[in-house]
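Take a look at the structure set out below.
The numbers here are math on the coordinates, done by the rules we state, and not lab data. Just so it is clear, the model here is predicted, and its values are computed rather than measured. Cβ atoms come from the backbone with ideal geometry, glycine included; neighbour counts cover every protein chain shown.
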Amino acid sequence: MNKPIHHSYWGSSVDHRQLLDKVAEIGPRLEANAEADEANGELTADSFEALKPLRMSHALAAEALGGAQFRPTQVLELLEAITWHSGAAGWVSMVHCCIGAMSAAFLPDSAVERLFGPGTDNRFSGQGAPLGLLTKVEGGYRLTGKWSYGSGFSHATYSHSAAFLDDGTGKPAKDADGNALILCAHAPISEHDKLGNWDVLGLNGTGSIDYAANDVFIPDDLVFPIQTAVPQRQRELFSLGVVGLAAIGHTGWAMGQGRRMLDEIASFARSKSGRAGLIGESEKFWYDYARLEARYRGARAFVFEVWRDVEATVEAGHPVSTRQISLVHLAKSEIHEVGVDVCTFAYRAAGGASLRAGTLQRTFREMMVGANHFTIAPGIVTSAGRNIGGLWPDRVWRFYDLVEPK
């Protein structure tokens with residue numbers, strides 16, 4: 001009989017179950033602050049201080065860098081738990097977690113030593129769309145540009161901003177295949193202008209502001225090619241690339257939102273007064289609720305099936321395959337789509353109660369915002385379908401595109 005293999009790929013210095021207990025402890029505090037976070041346009045100081053001990057920015061980073069080196073499934077559980085209590089707190093946590101992982105994965109050793117070394121506690125925020133320009137100078141680059149959706153920017157210490165490399169004429173440089181060269185640059189948050197402009201339907205408390213850089217110096221070792229980044233450490237896991245790592249965060253967040261809305265509408269329907277009492281006696285309501293409960297659980301199970309398969313591949317010492325990343329995209333999309341249907345059902349079922357300020361209304365608004373994020377755009381799901389269905393079996397993921405291998 002084969003003996004079980006004990007893998008040492010994952011970290012052991014931080015117990016994620018203890019962090020889940022910590023989330024349960026701070027959860028009521030996050031919930032109590034949710035309205036103030038929205039009014040503030042970003043997490044209040046109290047919400048951020050509650051989250052800070054979790055060190056979600058280091059959840060996927062290697063233990064050698066002071067990180068927890070968690071399994072993706074453990075990170076999913078943590079983000080789900082935080083989001084259940086506060087969508088805004090969950091969103092900021094997932095941004096800091098995923099961009100922290102990207103920085104820990106793709107920056108060279110010299111930069112990682114500065115950003116993750118002893119005595120540091122950096123958090124990373126920014127935008128992966130190339131909305132700036134990097135001009136090469138001695139020892140590094142000069143960055144100029146303007147970006148939107150810098151979630152958690154005010155509570156971060158370093159930016160992460162995609163920009164085109166200047167070809168010397170103010171236009172994007174191109175590689176041998178004619179593709180524009182896009183680099184991801186890191187700089188202290190203090191060197192950017194915070195432009196505000198975060199007046200939105202939901203997730204107001206995330207502080208996802210516009211920000212700008214005006215001729216900011218970026219050292220040579222604080223950039224990496226965002227579309228074709230090669231892992232510098234934990235090569236098997238970080239073969240997921242920037243997009244695969246981002247998928248962990250968005251998936252965990254959507255899991256928490258869907259679960260909270262199901263719990264909230266069931267609690268509302270159990271009450272025995274007014275419209276809620278009528279809902280509680282409705283066979284149609286409980287049938288629809290049960291179907292959505294089943295769909296949510298099915299989507300969540302699909303998420304864990306996909307990510308456990310990724311973990312097994314990583315533990316065996318292999319990079320993640322194109323097909324596995326396609327399934328990551330499908331699972332991410334499905335948990336969002338189910339979340340939208342759950343929130344729409346609950347919003348309509350609760351009638352006037354969901355119009356007023358409170359958890360039902362806020363969760364509905366936040367889910368609608370999260371579902372509009374580019375990471376679950378229809379084109380990504382379409383490409384994943386073509387790959388899994390056998391139409392594009394030999395293509396590879398390049399950022400959010402499925403392309404012919406070179």
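Please compute the Kirkwood hydrodynamic radius over region 1-154, one decimal place, Å, based on all pairs of different Cα atoms.
17.1
In whole Å, what is the distance between the alpha-carbon centres of region 45-112 and region 281-307?
For region 45-112 versus region 281-307, the Cα centre distance is 28 Å.
Assuming R0 = 35 Å, what is the FRET efficiency of residue 357 and residue 291, from their Cβ-Cβ distance, to the nearest 0.05? Please report the intermediate quantities before stating the final value.
Working: r = 29 Å, r/R0 = 0.82.
Computed FRET efficiency for residue 357 and residue 291 comes out at 0.75.
Need the full-extension length gain, residue 323 to residue 45, defined as separation in residues times 0.36 nm minus the C-alpha distance. One decimal, nm.
Between residue 323 and residue 45, full extension yields 95.9 nm more.
Taking amide hydrogens as modeled 1.01 Å from N in the peptide plane, which residues meet the under 5 Å criterion relative to residue 126, leaving out close sequence neighbours?
151, 160
Normalised radius of gyration for region 124-225, please: alpha carbon Rg relative to 2.2 N^0.38 Å, two decimal places.
Dividing the Cα Rg of region 124-225 by 2.2 N^0.38 Å gives 1.08.
I need the phi-derived Karplus couplings for region 76-91: 6.51 cos²θ - 1.76 cosθ + 1.60, θ = phi - 60°, integer Hz, Gly and Pro marked x.
For region 76-91, the Karplus curve yields 4, 5, 5, 5, 4, 5, 4, 5, 4, 7, 7, x, 5, 5, x, 5 Hz.
Please express the shape of region 328-396 as an equivalent ellipsoid: the semi-axes are the square roots of 5 times the eigenvalues of the C-alpha gyration tensor, given largest first in whole angstrom.
Details: eigenvalues 221, 21, 9 Å².
The answer is 33, 10, 7 Å, longest axis first.
What are the ³J(HN,Hα) couplings of region 188-195, residue after residue, when phi is run through the Karplus curve with 6.51, -1.76, 1.60 and θ = phi - 60°? Round to Hz, x for glycine and proline.
Result, rounded to whole Hz: x, 4, 5, 8, 10, 8, 8, 9.
What Kirkwood hydrodynamic radius, in Å, does region 239-403 give when the mean of 1/r is taken over all pairs of distinct Cα atoms and then inverted?
17.1
Given the Cα-Cα distance of residue 25 and residue 176 and 0.36 nm per residue of separation, how much length would full extension add, in nm?
Result for the pair: 49.0 nm of gain on full extension.
Efficiency by 1/(1 + (r/R0)^6): what FRET value for residue 388 and residue 195, r their Cβ-Cβ distance, R0 = 56 Å, to the nearest 0.05?
Efficiency, from the Cβ-Cβ distance: 0.85.
In whole Å, how far is the Cα centre of region 193-237 from that of region 129-145?
If we compute the Cα centre of each part, the gap is 13 Å.
So for the chain, what are the equivalent ellipsoid semi-axes in whole Å, largest first, each being the square root of 5 times an eigenvalue of the Cα gyration tensor? Show your work: numbers first, answer last.
Numbers: eigenvalues 246, 124, 91 Å².
Semi-axes, largest first: 35, 25, 21 Å.
Could you give each residue of region 202-217 its phi-based ³J(HN,Hα) in whole Hz, using Karplus coefficients 6.51, -1.76, 1.60 with θ = phi - 60°, and x for Gly or Pro?
Couplings: x, 6, 4, x, 8, x, 7, 7, 6, 8, 9, 10, 10, 6, 7, 6 Hz.
Sorted by average packing, counted as other Cβ atoms within 10 angstrom per residue and highest first, what order do 63-74, 160-171 take?
Packing order, densest peptide first, comes out as 63-74, 160-171.
Applying a 10 Å radius around every beta-carbon, put 173-182, 78-87, 260-269 in order of their mean neighbour count, most first.
Averaged packing, sorted descending, gives the order 78-87, 260-269, 173-182.
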